[in-house]
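Have a look at the structure below before the remarks.
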Amino acid sequence: MTTVESATKILDTMLGHLGFIATIEVHESDDGPCLQIHSADSEAIIGHEGDRLDDIQYLVNRILRRHSPNAERIRVDCEFFRSIQEDQLKEEVTRVAERVSATGNPFQLRPLNAYYRRLVHHILAEDSRVTSHSPQGEERLKRITISAKPKPNATP
């Protein structure tokens, strides 16, 4: 059985024990395999701002790695919630970068988990006008600061 097949079975069993009727589709993404849940109970599966979906994804990967320590990481999404969140975050970060670049004033984003922080840093990596910084520490949610890069002095 492949990693994706095992993860699908784990997720299906977990959702069944929780009382959810759902179908699961496998999608390939830039970040690897994604198990997409479709259910009439999608709001309950997603939870508040995706917290329950994060927990389900964590448990699926934890159980999967217990049985197969070298298994690739599996993303779990429900009704494309994560995809929509990522698109909205990209738009937000782009707007903030424009504002920071124009004003020179740094801006702190809302608290983000590690995945979304990596996404923000990746989005801004190619932008020569701004830089991003995450604070150190063990907190699960952290605020990234976006700052303007110093402009090079023009030579006469």
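Of all the listed residues (ILE37, ILE45, ILE63), the sole one being assigned to a helix (DSSP H, G or I), surrounded by 15 or more Cβ atoms within 10 Å (Cβ to Cβ) and in contact with a Leu (Cβ under 9 Å, 6 or more places away or on another chain) is ILE45.
Of the residues that sit in the range 140-156 and are over 23 Å from THR103 (Cα atoms), in a loop (DSSP other than H, G, I, E, B) and under 24 Å from the mean Cα position of the chain (by Cα), which one is modelled with the highest pLDDT? Among those residues, the one meeting the criterion is LEU141.
Residue check: is THR23 out of contact with any Ser or Thr (no Cβ under 7 Å at 6 or more places or on another chain) and either of a type in the set (Phe, Trp, Tyr) or not in a strand (DSSP E or B) (or both)? No, not satisfied. Among the residues of this structure, LEU112 does not count as one that is closer than 25 Å to ALA7 by Cα, outside the structural domain of ASP12 (by TED's automatic domain parsing), under 16 Å from the mean Cα position of the chain (by Cα) and of a type in the set (A, V, I, L, M). Can you say whether ILE63 is touching a Phe, Trp or Tyr at 6+ places or on another chain (Cβ under 9 Å), at pLDDT 95 or above and outside the structural domain of VAL130 (by TED's automatic domain parsing), as far as the supplied structure shows? No: the conditions fail for ILE63. Can you confirm whether LEU53 is in contact (Cβ under 8 Å) with a residue 12 or more places away in the chain, in a helix (DSSP H, G or I) and farther than 24 Å from PRO111 by Cα? So LEU53 does not fit the description; no. Evaluating ASN70 against the criteria (1) in a helix (DSSP H, G or I); (2) surrounded by fewer than 17 Cβ atoms within 10 Å (Cβ to Cβ); (3) out of contact with any Lys or Arg (no Cβ under 8 Å at 6 or more places or on another chain) leaves one unmet condition, (1). Taking every residue in the range 13-40 that is within 17 Å of THR2 (Cβ to Cβ) and aromatic (Phe, Trp, Tyr) and pairing it with any residue that is loosely packed, with under 12 Cβ neighbours inside 10 Å and modelled with pLDDT of 95 or more, at least 6 positions away or on another chain, yields no pair with a Cβ-Cβ distance below 7 Å.
Counting residues in the range 26-34 that are among the charged types (D, E, K, R) and either assigned to a strand (DSSP E or B) or under 16 Å from THR8 (Cα atoms) (or both) gives one or more. Starting from residues that are small (Gly, Ala, Ser) and surrounded by 14 or more Cβ atoms within 10 Å (Cβ to Cβ), keep the ones in the range 79-132 and report whichever is nearest to THR145 (Cα to Cα). Only one residue fits best here, namely SER132. Scanning the range 104-139 for residues that are under 22 Å from LEU53 (Cβ atoms) and part of a loop (DSSP other than H, G, I, E, B) yields LEU109, ARG110, PRO111, ASN113, GLU139. Applying a threshold of 9 Å to beta carbon distances and a minimum spacing of six or more residues, or different chains, the list of pairs starting in the range 79-95 at a residue that is at pLDDT below 95 and ending at one that is β-branched (Val, Ile, Thr) and loosely packed, with under 13 Cβ neighbours inside 10 Å is empty.
The values are calculated or read from the model by the stated rules, or taken from the named source; none is laboratory data. Since this is a predicted model, take the numbers as computed values, not measurements. Note that each Cβ is placed from the backbone with ideal geometry, even for glycine, and that neighbours are counted across all protein chains shown.
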